[in-house]
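One structure is given here, and the rest of the page talks about it.
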Amino acid sequence: MTANRAGTGAYSESVADDSDASVSRIEPSDTLSTGVEDPVIQSRNLDVFYGDTQALRGIDMDIPEKQVTALIGPSGCGKSTFLRSINRMNDLIDVCRVEGDMRFHGKNVYDDDVDPVALRRKIGMVFQKPNPFPKSIFDNVAYGLRVQGKDENVEEKVRSALERAAILEEVEDQLDSSGLDLSGGQQQRLCIARAIATDPEVILMDEPASALDPVATSKIEDLVEDLAAEYTVVIVTHNMQQAARISDKTAVFLTGGELAEFDTTSKIFENPESQRVEDYITGKFG
Ligand SMILES: Nc1ncnc2c1ncn2[C@@H]1O[C@H](COP(=O)(O)OP(=O)(O)OP(=O)(O)O)[C@@H](O)[C@H]1O
């Protein structure tokens with residue numbers, strides 16, 4: 001099945017509608033023995049190709065609800081590819097092809113009846129480089145609400161999102177100023193506010209702090225930990241200390257696009273099963 005076909009229909013309507021109880025739930029028997037009891041996202045035998053090059057090989061992973069899952073590994077091992085497969089951002093890359101399952105609440109997001117736009121409302125994304133719209137701070141956050149027709153009590157929703165993204169206090173008096181006038185760290189928290197304003201269930205973050213200074217990075221790290229009280233967070237990071245500080249589960253990908261190990265973060269960093277993971281964690285390669 002290809003990842004780049006245009007999505008049609010609802011994602012599926014059943015999954016996009018919070019109130020619908022008909023969404024197929026994950027059967028306990030279909031969970032992996034990784035201690036994840038209530039997975040929101042499950043990949044099964046997931047292969048991803050760019051043209052003839054295979055970027056991910058047979059990835060099986062269960063991502064737990066309302067925890068932080070970190071994806072780590074050397075450059076080019078497929079971390080971002082995996083992240084983008086979760087909400088079908090890879091569809092935007094013509095040469096990309098996905099095989100296997102990526103399930104959200106038990107439903108394969110690559111099924112024909114899944115609408116990627118609706119999927120991305122449930123599974124939002126924050127990128128490496130802060131990318132606010134050239135609009136006011138207020139409009140950056142209100143934009144998604146208006147597009148989705150959620151325009152009742154917009155002011156309250158915008159303030160609430162800014163507060164949950166730990167930036168309200170800093171921008172309260174300048175909501176009409178351009179989002180582009182903020183510092184890099186503030187812009188990234190604004191982008192996080194924009195991502196959470198429309199109430200996704202899952203937030204994907206692709207190295208959200210790698211372009212920031214240490215103080216701004218520390219604020220983002222605190223925020224990521226706080227967000228996990230309400231959202232399922234999956235974060236790609238190059239920074240192993242960051243993964244160790246903020247995540248509950250860690251997936252270690254290794255060169256060639258394999259998932260070498262997936263476990264609680266303490267187990268991965270203190271007592272990994274495989275020698276290759278230990279070598280990577282201790283800086284012997286990568
Ligand atoms: N748009 C693309 N077209 C072709 N190949 C790609 C594309 N994006 C990624 N790849 C290839 O897929 C493999 C995995 O890339 P990916 O960006 O997922 O790795 P990564 O672990 O996130 O790397 P990094 O840590 O350097 O960001 C690499 O070999 C990369 O060159």
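The values are calculated or read from the model by the stated rules, or taken from the named source; none is laboratory data. The model shown is predicted, which means the values in this text are computed figures rather than measured ones. In this analysis, Cβ positions are derived from the backbone assuming ideal geometry, glycine residues included, and neighbour counts consider all displayed protein chains.
With the requirement that a residue be assigned to a helix (DSSP H, G or I), within 12 Å of the ligand (Cβ to nearest atom) and hydrophobic (A, V, I, L, M, F, W, C), what does the stretch 82-128 give you?
Matches in the stretch 82-128: Phe82, Leu83, Met89, Leu92.
Conditions (1) of a type outside the set (D, E, K, R); (2) over 27 Å from Val117 (Cα atoms); (3) without any contact (Cβ under 8 Å) to a residue 40 or more places away in the chain, marked per residue:
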site	(1), (2), (3)
Ser218	yes, yes, yes
Leu254	yes, yes, no
Ala260	yes, yes, no
Glu273	no, yes, yes
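So, Asp62, is that one in contact with a strand residue (DSSP E or B) (Cβ under 7 Å, 6 or more places away or on another chain), at pLDDT 70 or above and farther than 22 Å from Asp248 by Cα or not?
When the stated conditions are applied, Asp62 does not pass them.
Cβ-Cβ under 6 Å, sequence separation 6+ or interchain: first residue in the stretch 72-95 and within 28 Å of Asp279 (Cβ to Cβ) and without any contact (Cβ under 8 Å) to a residue 12 or more places away in the chain, partner of a type in the set (Gly, Ala, Ser) and near the ligand (Cβ under 7 Å from one of its atoms). Which pairs?
none
Anything in the stretch 60-81 that is within 9 Å of the ligand (Cβ to nearest atom) and not aliphatic (A, V, I, L, M)? List them, or say none.
Correct list: Gly73, Pro74, Ser75, Gly76, Cys77, Gly78, Lys79, Ser80, Thr81.
If you check Gly144 against the conditions, is it on the phi > 0 side of the Ramachandran plot and either part of a helix (DSSP H, G or I) or modelled with pLDDT under 95 (or both)?
No, not satisfied.
Residue-by-condition table, conditions (1) farther than 25 Å from His105 by Cβ; (2) within 16 Å of the ligand (Cβ to nearest atom); (3) small (Gly, Ala, Ser):
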{"position": "Val158", "(1), (2), (3)": "yes, no, no"}
{"position": "Leu162", "(1), (2), (3)": "yes, no, no"}
{"position": "Ala166", "(1), (2), (3)": "yes, no, yes"}
{"position": "Glu169", "(1), (2), (3)": "yes, no, no"}
{"position": "Ser178", "(1), (2), (3)": "yes, no, yes"}
{"position": "Ser183", "(1), (2), (3)": "yes, no, yes"}
{"position": "Arg189", "(1), (2), (3)": "yes, no, no"}
{"position": "Thr198", "(1), (2), (3)": "no, no, no"}
{"position": "Leu204", "(1), (2), (3)": "no, yes, no"}
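For the subset of the stretch 257-283 comprising residues that are outside any helix (DSSP H, G or I) and under 22 Å from the mean Cα position of the chain (by Cα), which member is farthest from Gly78 (Cα to Cα)?
Thr264
Do we find a residue being outside any strand (DSSP E or B), more than 16 Å from the ligand (Cβ to nearest atom) and farther than 17 Å from Ile86 by Cβ anywhere in the stretch 232-239?
Checked the stretch 232-239: no residue is outside any strand (DSSP E or B), more than 16 Å from the ligand (Cβ to nearest atom) and farther than 17 Å from Ile86 by Cβ.
Among the residues of the stretch 200-241 satisfying the criterion of being at pLDDT 95 or above and within 19 Å of Val277 (Cα to Cα), which is surrounded by the most Cβ atoms within 10 Å (Cβ to Cβ)?
Ile235
Among all residue pairs at least 6 apart or on different chains, which show Cβ distances below 6 Å where the first residue, located in the stretch 188-209, is more than 19 Å from Pro64 (Cβ to Cβ) and the second is within 16 Å of the ligand (Cβ to nearest atom) and outside any loop (DSSP other than H, G, I, E, B)?
Short answer, once both residue conditions are applied: Cys191/Val126; Ile192/Val126; Ala195/Val126; Asp206/Ser80; Asp206/Leu83; Asp206/Val236; Glu207/Val236; Pro208/Val126.
Take the conditions out of contact with any helix residue (DSSP H, G or I) (no Cβ under 7 Å at 6 or more places or on another chain) and among the basic types (Lys, Arg) and apply them to Arg245. Does it pass?
Numbers: out of contact with any helix residue (DSSP H, G or I) (no Cβ under 7 Å at 6 or more places or on another chain): no; among the basic types (Lys, Arg): yes.
Spelling it out, it is not the case that Arg245 is out of contact with any helix residue (DSSP H, G or I) (no Cβ under 7 Å at 6 or more places or on another chain) and among the basic types (Lys, Arg).
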